[in-house]
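Enquirer: One structure follows; several queries about it will come next.
The values are calculated or read from the model by the stated rules, or taken from the named source; none is laboratory data. Everything numeric in this text was worked out from a predicted model, so none of it was measured. Neighbour counts run over all protein chains shown; Cβ positions are idealised from the backbone, glycine included. These area figures cover heavy atoms from the full protein model, side chains too; ligands, DNA and RNA do not enter into them. Shrake-Rupley method; radii C 1.70, N 1.55, O 1.52, S 1.80 Å.
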Amino acid sequence: MVNFSFLRHTILVVLINGMTLFPPNYLYAAFDSNILSPIQNAAGAFPFSVYGNSLSSISDPSNLTSTQPLFGAGAISRKFGLRDLTESIIFVGSHYKDLGIGLGLAKFGNETYKETTLSISATNNIKDLLMVGLSFQFYQLNILNYGQDNSFGFKLSARYKMNAKLEALMSILNAHGPVIGQSKENLPQVISGGLLMKPSPKITGQVSFSHDTDFPISTRFGVIWEPVNHFHIAIGKVNQPNIFTTGGMFTFKNFRIEIGYLSYANLGLVTYQTGISYTRL
Amino acid sequence: MQIWGLLLTRLALVILAFNSRILSQYEFIENFDPENSLPESDLIIMSTAGSIYQKLTPESALLLSQLSFLTNEENSILEQIVLGNSIEISSNTRLLNLTKTLWPRKTDLQISGTVFHRINMGDDVQYKWSAEFNLNQFNLGLFGERDSYESDILDYKSFFIRTNYKNFDYTIGSFQMLSGHGLVSWRSFPVKSDFGTTNSAFRQGRGIQPFRSGHESWAYKGFGWNQIFKNGHFSGGVSHRKIDGSILGNKINMSDLGIHVSETQIENHGNISETIGIGNWESDFKNGKMGLIIGGGAWQDKKDKEFVNLVSSCYGSYTFTDLSIFSELALTSQNKKAIISGAKLKKDSFQYGLVIRRIDLDYFALRDNLFRNWNNTDQGEFSLFQELRSRLGPIFINVYSDIFQRLKGKKGEFVKTGNKSGLNMVFKPHNGLQIHTLIKYQNKSSEIYGFEYNQFMSDPVVTYKTTIKWAQTNHHDIQCQVLKKTLQNNSLSSWGLQLRNKYSLGTWSLKTFWMSSIINNNEKLYYWDVTLPREMRTKVFSKTGHYIGAGIGYKPSSLSTINVRLSSSWNEWNFNIVPVVRAAMQVNLSI
């Protein structure tokens with residue numbers, strides 16, 4: 001009796017590792033995985049951070065404040081349920097003078113192919129209207145028996161409070177066009193933008209886009225709802241690639257546990273992500 | 001399913017056409033001809049002025065004085081305001097309209113900066129960012145652009161810092177030099193034959209100005225300054241940068257596209273290394289001005305091909321009672337010359353003006369962009385432009401005529417000639433209603449190459465356009481436009497109809513557009529398209545079809561706006577075709 005699940009996973013692993021280990025001339029798509037927290041993914045892979053969700057600060061530090069108390073957060077996911085595509089993130093944040101600051105580490109891959117991103121973030125508040133976050137990224141790519149290479153990038157994020165219920169967000173990643181590896185593989189240059197709405201204290205909605213300039217634009221929308229205290233439910237939709245997202249968050253005192261579920265309609269695969277954070281806000 | 005879709009579309013269009021309340025808007029910038037749109041820098045200046053300032057102040061007047069379309073009279077009024085003199089602008093209708101458009105409501109906000117982010121979705125996505133901040137005595141501007149399919153987020157980026165110190169006005173970064181009448185250095189947009197051209201051609205440059213436009217190769221990049229002396233003032237600039245283009249014999253062929261997608265375009269990106277130095281001295285005397293411009297440039301491409309050009313020019317203007325005259329003559333080290341002269345007689349509401357220009361073949365200075373008919377600089381030209389403007393009671397009449405001729409190159413070469421003329425009438429029967437009719441005639445001879453001999457052709461084109469603008473209430477504007485373009489001696493014409501409507505509903509605004517055109521003889525029709533604030537887009541009908549568009553604006557606070565536009569066009573009369581859908585969003589933020 002053939003185990004089809006095992007066979008399918010084996011084929012995927014062979015294909016993915018084959019592409020990364022034996023590229024025809026150069027690498028494709030290094031550091032293309034988005035570093036998002038489970039609740040961001042659950043709410044339609046929202047590319048910006050959400051208040052009260054410290055884990056999302058790694059993708060967008062503009063929710064850090066100048067009075068930010070010390071916090072720590074971590075998350076782990078296996079893309080398509082594959083161990084070889086494991087992604088883990090850890091983030092700590094605090095404040096220094098008028099700046100909210102953060103330090104994050106993200107790892108992706110297995111022992112053979114590994115991507116590591118270290119980010120150092122700082123956020124400043126201008127006139128209580130505009131939050132500007134700057135994040136320096138240190139990229140390290142490590143391929144077994146082939147060696148490793150490093151590169152630097154940066155991400156500029158801005159969050160503008162249009163009124164008490166609406167925020168406009170924008171970010172650009174790697175606008176200076178960094179490259180990595182002997183073949184000078186372009187690191188992703190990504191433009192993101194969106195609107196974050198809070199029509200009531202229990203509901204948060206988002207409409208956003210994320211555009212890696214080498215790929216078609218990805219539009220996203222999602223909602224986070226808190227039906228009862230401490231429990232949040234999120235649902236969303238990503239267009240390009242076609243993903244249905246859902247998940248939730250449970251808060252207990254300063255602890256938060258998050259779960260994200262992404263269903264790739266065209267691939268027939270799913271990704272689960274879990275995260276935990278200790279936040280004092 | 002398709003039948004139902006078509007039925008719904010047709011039903012929507014019929015309702016749109018016959019509902020008297022659903023027509024359109026009119027705005028200040030739309031008084032310009034869609035076939036000759038304004039430079040982007042003008043739109044950015046108006047957007048910045050409208051966002052940062054709340055009324056006409058010395059600071060906002062200084063910014064507005066950089067607009068390209070202002071007349072000498074309008075500029076003089078703004079100069080007086082810059083100097084702090086109290087002056088009434090109600091006598092100048094256009095300036096009054098401009099201030100009403102920019103600042104419809106009085107506010108007392110303290111704003112130190114403004115940013116806009118535009119996302120333009122077509123086949124791919126174009127992004128634009130523009131920001132301007134007033135930081136104490138410094139004025140800082142930033143601009144970024146990524147065109148469709150370009151890999152780099154900031155494929156084009158520019159910045160400027162401007163400040164005043166004593167009698168100096170410094171600009172570091174991207175700047176432009178407007179000197180004389182454009183024979184040496186001017187904007188990225190030239191003056192073109194049209195209604196009101198006499199006033200534009202009369203306007204002299206005002207030295208160094210920050211460069212705000214997205215034209216990727218036009219700006220000087222370096223250091224520029226304006227300095228006031230006892231006997232006059234001096235403007236100078238030093239620039240070093242890379243531009244797109246190629247060196248062709250005795251001139252530079254600069255690329256206007258700014259798109260870097262194909263291999264050739266990427267290879268041509270920053271192909272030429274350019275170094276330019278330019279200085280302009282200007283003295284005022286009683287009733288007139290005189291100036292001298294001297295400049296030089298050195299260009300080197302990636303294949304080490306080099307080119308050097310030196311240029312000098314003198315210009316002046318003089319006013320004697322109702323008569324004003326101006327002239328500029330420029331010479332280059334390539335032995336090329338250009339001259340432009342004009343006269344204007346103005347008495348009460350009557351004005352007559354003429355402008356003569358003669359430009360050598362292949363004339364090239366540094367950033368010359370003088371008043372000319374043909375964009376192709378290979379073809380020198382000799383032209384005479386005349387214009388008459390008058391007001392007869394409630395009717396404003398404007399007539400112009402431009403006769404031009406290509407200069408002979410090689411022996412036996414065909415002499416290309418042409419002429420343009422137009423009649424424009426604006427009638428305001430009562431407040432809120434305006435009827436605008438114009439007729440344009442254009443005739444250019446062209447050459448058709450044959451086996452035995454070349455044949456010369458001439459097909460005059462006549463354009464008729466009537467626009468009715470009606471401000472039905474304070475919250476509802478309507479506009480209807482009928483267009484006809486005829487190739488003379490041909491029974492078939494291109495016909496077009498546009499209906500537009502604008503509602504203002506508190507913090508929301510809605511604009512709707514409908515256009516339908518029948519195109520014959522390949523005579524394209526041009527309309528103003530639905531636009532985001534401070535955007536200028538033309539919809540060109542090259543095929544028979546329909547177009548429907550909508551713009552939605554939302555103002556969440558007094559410091560921010562969100563605007564979206566959506567449009568759909570069918571290049572078939574019967575809608576049996578997949579429509580081309582376009583969308584864009586713009587977020588304007590002030591701090």
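Enquirer: Which of the strands (runs of 3 or more DSSP E) found entirely inside region B:316-413 contain at least 3 residues meeting this: aromatic (Phe, Trp, Tyr) and at negative phi?
Expert: B:395-406
Enquirer: Hey, another quick one. Check region A:205-218 and report whether any residue there is modelled with pLDDT of 95 or more, part of a strand (DSSP E or B) and more than 14 Å from every other protein chain (Cβ to nearest Cβ).
Expert: yes
Enquirer: Moving on to the next point. Do you know which residues across region A:221-247 are in contact (Cβ under 8 Å) with a residue 60 or more places away in the chain and over 13 Å from A:ILE203 (Cα atoms)?
Expert: Within region A:221-247, A:PHE221, A:GLY236, A:LYS237, A:VAL238, A:ILE243, A:THR245, A:THR246, A:GLY247 qualify.
Enquirer: Could you list, in sequence order, the residues of region A:114-136 that are open to solvent by 20 Å² or more (accessible area, probe 1.4 Å) and more than 14 Å from chain B (Cβ to nearest Cβ)?
Expert: Scanning region A:114-136 gives A:LYS114, A:THR116, A:LEU118, A:ILE120, A:ALA122, A:LEU134, A:PHE136.
Enquirer: Which ones in region A:168-189 are within 11 Å of chain B (Cβ to nearest Cβ), open to solvent by 20 Å² or more (accessible area, probe 1.4 Å) and not polar (S, T, N, Q)?
Expert: Those that are within 11 Å of chain B (Cβ to nearest Cβ), open to solvent by 20 Å² or more (accessible area, probe 1.4 Å) and not polar (S, T, N, Q): A:MET170, A:LEU173, A:HIS176, A:GLY177.
Enquirer: Something else about it: Restricting to region A:259-281, count the residues that are surrounded by 16 or more Cβ atoms within 10 Å (Cβ to Cβ), more than 19 Å from A:LEU64 (Cβ to Cβ) and touching a Leu at 6+ places or on another chain (Cβ under 7 Å).
Expert: Total satisfying the criteria: 1.
Enquirer: Is it the case that some residue within region B:507-530 is more than 23 Å from B:ASP124 (Cβ to Cβ) and within 14 Å of chain A (Cβ to nearest Cβ)?
Expert: Yes.
Enquirer: Confirm whether B:ARG500 is touching a residue at least 60 places away in the same chain (Cβ under 8 Å), within 27 Å of B:GLU40 (Cα to Cα) and open to solvent by 60 Å² or more (accessible area, probe 1.4 Å).
Expert: no
Enquirer: Which condition does B:ARG94 not pass, out of (1) within 12 Å of another protein chain (Cβ to nearest Cβ); (2) in contact with a helix residue (DSSP H, G or I) (Cβ under 8 Å, 6 or more places away or on another chain); (3) open to solvent by 30 Å² or more (accessible area, probe 1.4 Å); (4) not aliphatic (A, V, I, L, M), if it passes all the others?
Expert: Only one criterion is unmet by B:ARG94, namely (1).
Enquirer: Just need a number here: residues in region B:155-175 that are open to solvent by less than 40 Å² (accessible area, probe 1.4 Å), over 24 Å from the mean Cα position of the chain (by Cα) and either within 14 Å of another protein chain (Cβ to nearest Cβ) or aliphatic (A, V, I, L, M) (or both). First the steps, then the outcome.
Expert: Within region B:155-175, the subset open to solvent by less than 40 Å² (accessible area, probe 1.4 Å) is B:155-156, B:158, B:160, B:162-163, B:169, B:171, B:173-175.
Going one step further and asking which of them are over 24 Å from the mean Cα position of the chain (by Cα), we end up with B:163, B:169.
With either within 14 Å of another protein chain (Cβ to nearest Cβ) or aliphatic (A, V, I, L, M) (or both) added as a condition, the list becomes none.
Of the residues in that region, 0 qualify.
Enquirer: The conditions are (1) over 29 Å from B:ALA583 (Cβ atoms); (2) open to solvent by 20 Å² or more (accessible area, probe 1.4 Å); (3) of a type in the set (Ser, Thr, Tyr), and B:THR71 fails exactly one of them. Which is it?
Expert: The one condition B:THR71 does not meet is (2).
Enquirer: Moving on to the next point. Looking at B:TYR363, is it aromatic (Phe, Trp, Tyr), in contact (Cβ under 8 Å) with a residue 24 or more places away in the chain and closer than 24 Å to B:MET254 by Cα?
Expert: It is true that B:TYR363 is aromatic (Phe, Trp, Tyr), in contact (Cβ under 8 Å) with a residue 24 or more places away in the chain and closer than 24 Å to B:MET254 by Cα.
Enquirer: Sticking with this one: What residue, among those in region A:57-95 that are touching a residue at least 40 places away in the same chain (Cβ under 8 Å), among the hydroxyl-bearing types (Ser, Thr, Tyr) and surrounded by 16 or more Cβ atoms within 10 Å (Cβ to Cβ), is nearest to A:TYR261 (Cα to Cα)?
Expert: My answer is A:SER77.
Enquirer: Same structure, new question: Which pairs do you get when a residue that is within 20 Å of A:ASN163 (Cα to Cα), found in region A:116-145, comes within reach of a residue that is open to solvent by 40 Å² or more (accessible area, probe 1.4 Å) and of a type in the set (Lys, Arg), reach meaning Cβ atoms under 6 angstrom, with the pair 6+ apart or on two chains?
Expert: From region A:116-145, the pairs are A:LEU129/A:LYS161.
Enquirer: Tally up the residues in region B:545-571 that are in contact (Cβ under 8 Å) with a residue 12 or more places away in the chain, surrounded by fewer than 18 Cβ atoms within 10 Å (Cβ to Cβ) and either more than 14 Å from chain A (Cβ to nearest Cβ) or of a type outside the set (A, V, I, L, M, F, W, C) (or both), please.
Expert: Of the residues in region B:545-571, 7 are in contact (Cβ under 8 Å) with a residue 12 or more places away in the chain, surrounded by fewer than 18 Cβ atoms within 10 Å (Cβ to Cβ) and either more than 14 Å from chain A (Cβ to nearest Cβ) or of a type outside the set (A, V, I, L, M, F, W, C) (or both).
Enquirer: Sticking with this structure for a sec: Restricted to region A:148-165, and to residues that are buried (at least 19 other Cβ atoms within 10 Å of the Cβ) and within 12 Å of another protein chain (Cβ to nearest Cβ), which residue is farthest from A:SER62 (Cα to Cα)?
Expert: Only one residue tops the list, namely A:GLY153.
Residue by residue, here is whether (1) under 24 Å from B:SER174 (Cα atoms); (2) modelled with pLDDT of 95 or more holds:
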{"position": "B:GLY207", "(1), (2)": "yes, no"}
{"position": "B:SER246", "(1), (2)": "yes, no"}
{"position": "B:SER255", "(1), (2)": "yes, no"}
{"position": "B:GLY279", "(1), (2)": "yes, yes"}
{"position": "B:TYR315", "(1), (2)": "no, yes"}
